[in-house]
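A.B. asks: Quick one: the structure is below, questions incoming.
The values are calculated or read from the model by the stated rules, or taken from the named source; none is laboratory data. All values derive from a computational prediction rather than experimental measurement. Cβ sites come from the backbone with ideal geometry, for glycine too, and all protein chains shown count toward neighbours.
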Amino acid sequence: MGQPESGHWLLTQQLIALKSFHIELGVAACAFALAACGSSDQKGANDASSASLSSGTVASDFSAQDTNGATLHLSDYLNKNVILIDFWATWCQPCLEEMPHLRRLYDANKANGLVVIAVSMDGPETVAEVPSFAQRNRLTFPVVLDQDSHVASIYNPRKAAPLTLLIDRSGKIVMVHEGYNPGDEQTIQAEVQKALAATPPPAAAPASAAPAAK
């Protein structure tokens, strides 16, 4: 009789250990997901600290390939347009929730000089999903691929997702907004309207010609 009871006890202990392992694995997965992509409960409290570090910084140029295979150069828009750069990924749920608002914001303001550039941070596992996502959601602004993180290394080294930057017509960063919660689109829209309404910097005066030699 002792042997069957011992076998039952051993099986019970194995089941308990397996259940504990599954619980620990689930907790670890949740922690990883929250670290990789801001949760929908994330507030913009740290936006101010990010903005204080970056607001006023002169934007740096970059080049990246879009989903149609064309090369986009940020310098084509710097010092001419108000530029909104959004770092996102297909695996980031808050990013996906924010994207329709960015599309409407762009459609409503592109005639006034707004340019939106969505920078996908998808890696090898999911980058193939980016073009179909852009088509499915009728994104009419450029969606560029940053699989090697060269754009993120300039503007988003922590790879926060989503991360939205606004560059004014003078080529300076005027807003950095990390994360997305419902209602954040109103804050972003207000900043865009302010940047569009700002007086463009005066054009540099042409160099005067040297007097002709007599």
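A.B. asks: Can you pull out the residues in the stretch 109-124 that are closer than 11 Å to residue 152 by Cβ and assigned to a strand (DSSP E or B)?
C.D. replies: 119, 120
Results for (1) surrounded by fewer than 21 Cβ atoms within 10 Å (Cβ to Cβ); (2) modelled with pLDDT under 95; (3) within 21 Å of residue 79 (Cα to Cα); (4) in contact with a helix residue (DSSP H, G or I) (Cβ under 6 Å, 6 or more places away or on another chain), shown as yes or no for each residue.
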site	(1), (2), (3), (4)
95	no, no, no, no
110	yes, no, yes, no
122	yes, no, no, yes
127	yes, no, no, no
135	yes, no, no, no
146	no, no, no, yes
151	no, no, yes, no
162	no, no, no, yes
167	no, no, yes, no
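A.B. asks: If you don't mind, another one. Which of the residues that make up the stretch 72-86 are crowded, with 22+ Cβ neighbours inside 10 Å, out of contact with any Phe, Trp or Tyr (no Cβ under 7 Å at 6 or more places or on another chain) and of a type in the set (A, V, I, L, M, F, W, C)?
C.D. replies: Correct list: 82, 84.
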